1. So is Gln214 loosely packed, with under 15 Cβ neighbours inside 10 Å, within 24 Å of the chain's Cα centre (by Cα) and at pLDDT below 90 or not?
2. Scan segment 299-322 and report the pairs whose first residue is among the acidic types (Asp, Glu) and surrounded by fewer than 18 Cβ atoms within 10 Å (Cβ to Cβ) and whose second residue is in a helix (DSSP H, G or I) and at pLDDT below 95, with Cβ atoms within less than 8 Å and a gap of 6+ or a chain change.
3. Checking Asp330 against (1) of a type in the set (Asp, Glu); (2) touching a residue at least 40 places away in the same chain (Cβ under 8 Å); (3) exposed (fewer than 14 other Cβ atoms within 10 Å of the Cβ), which test does it fail?
4. Taking the stated definitions as given, is Phe43 at pLDDT below 70 and either exposed (fewer than 15 other Cβ atoms within 10 Å of the Cβ) or of a type in the set (Phe, Trp, Tyr) (or both)?
5. Inspect all residues belonging to segment 311-323 and state whether any of them is more than 15 Å from Val175 (Cα to Cα) and not hydroxyl-bearing (Ser, Thr, Tyr).
6. Name the single residue, out of those in segment 7-25 being charged (D, E, K, R) and at pLDDT 80 or above, that is nearest to Ile85 (Cα to Cα).
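The values are calculated or read from the model by the stated rules, or taken from the named source; none is laboratory data. For clarity, every value in this text was computed on a predicted model and none was experimentally measured. All Cβ positions, even for glycine, are placed from backbone atoms using ideal geometry, and neighbour counts span all protein chains on display.
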Amino acid sequence: MVALTNKLIQLIRYVLSYPLSLIRITLPVFIGKKVYGSSSYEFYLEFNSSYINGKTWFLEMLPDFVFNLDYSQFIFFKYFLIIVILCSSIGLLGRLNLLILAGYSYLLFGIGEGYGIFDHHTSLPAQVLFALALVPGSMKLSVDNILVTFIRKRKNLFSYNPTPKWGFNLVLALVAVTYFTAGLSKIRYGGLKWMDGSTLSFYLKERTDNYAKQGEAQLVIGDATMPSNKKWKDPFGFVAHTYGNYQTVKSKNAMADYVANNGFLVALLSIGSLLFELLAFIVFINSRYRNMFLITAILFHLSIGELMGISFRQYRLICLFLIDWKLIFDTVIGIAQQKKLKLIRVRSN
């Protein structure tokens, strides 16, 4: 039993030593599901002549024929997308399929941005997909690597081969820049007043689903009868918009309302979230700070998911595999060994 446990621990350690491969295996499924689910709506807008797309920088780079697809071609691309997701995940022609999936994500959500739909769920994951297609270490756990090993008659398929650190650091830098710029944006547009909690309180109390289920329409809603002293930061009585609180569970809405109505607590959370984002580059100081930041990021998104129904699963997944698990294993084993030694000393006395 002990031998089996040790082998299992060794296997887990081996797999976790290739974090970029683990992200490559799982992330295409998560983001691919979202891309597939959103594609019908996004292309509906593109096919509908009553909507005008203000092309983003990425869309401006593409040839016009990309935007002249008919519906039958669109259906083909949806099925083609399933194949790309699967091959990206198992690592069959992995780098090519990652590039295609990243490009498809840029195209699809670029179209959405052209219509004013800004989906932050996909901004970091799409960039990470593109990076994984280029950096070393992302294909260690893949069908491609198995095929190359057998073709070249290598015998070290499961031996540990350290990969250059720059690929991992590039993905980590994408994470740090994403959070840091989010904090910078708060300061840029809200100034130091953003920390008073009024913005966070507004979003926590918003009930978007009362007006448009799951963002089926882009709405900006105001209450003309609202007294001036109750208005937020506008003269219109702004009370909701499409991209806000999607939580529909009443008990969780009550929790969000409690936080939103507690001035001290909501201000504390606002200050904490801003500091957390602005301190993103501490991930490069050492592994302990990296683990602290990434675990905080996971808890940060879990709390947002509970209070606002916005999951950010892809972000949590990326952060999970970028944690230095070797450090955690070594720390836990070290503590266990110390306790064992203490127990032995107590018994010997």
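1. On the way: loosely packed, with under 15 Cβ neighbours inside 10 Å: yes; within 24 Å of the chain's Cα centre (by Cα): yes; at pLDDT below 90: yes.
When the stated conditions are applied, Gln214 passes them.
2. Once the first residue is among the acidic types (Asp, Glu) and surrounded by fewer than 18 Cβ atoms within 10 Å (Cβ to Cβ) and sits in segment 299-322, its partners that are in a helix (DSSP H, G or I) and at pLDDT below 95 give Glu306/Lys252; Glu306/Met255.
3. Going through the list (1) of a type in the set (Asp, Glu); (2) touching a residue at least 40 places away in the same chain (Cβ under 8 Å); (3) exposed (fewer than 14 other Cβ atoms within 10 Å of the Cβ), Asp330 breaks only (2).
4. On the way: at pLDDT below 70: yes; either exposed (fewer than 15 other Cβ atoms within 10 Å of the Cβ) or of a type in the set (Phe, Trp, Tyr) (or both): yes.
Considered against the rule, which asks whether it is at pLDDT below 70 and either exposed (fewer than 15 other Cβ atoms within 10 Å of the Cβ) or of a type in the set (Phe, Trp, Tyr) (or both), Phe43 comes out as yes.
5. Of the residues in segment 311-323, the ones more than 15 Å from Val175 (Cα to Cα) are 311.
When the remaining residues are screened for being not hydroxyl-bearing (Ser, Thr, Tyr), the result is none.
There is no residue in segment 311-323 that is more than 15 Å from Val175 (Cα to Cα) and not hydroxyl-bearing (Ser, Thr, Tyr).
6. Here is the first cut: in segment 7-25, the residues charged (D, E, K, R) are 7, 13, 24.
In the following step, the residues that additionally are at pLDDT 80 or above were identified as 13, 24.
Numbers: Arg13: 26, Arg24: 10 Å.
The residue in question is Arg24.
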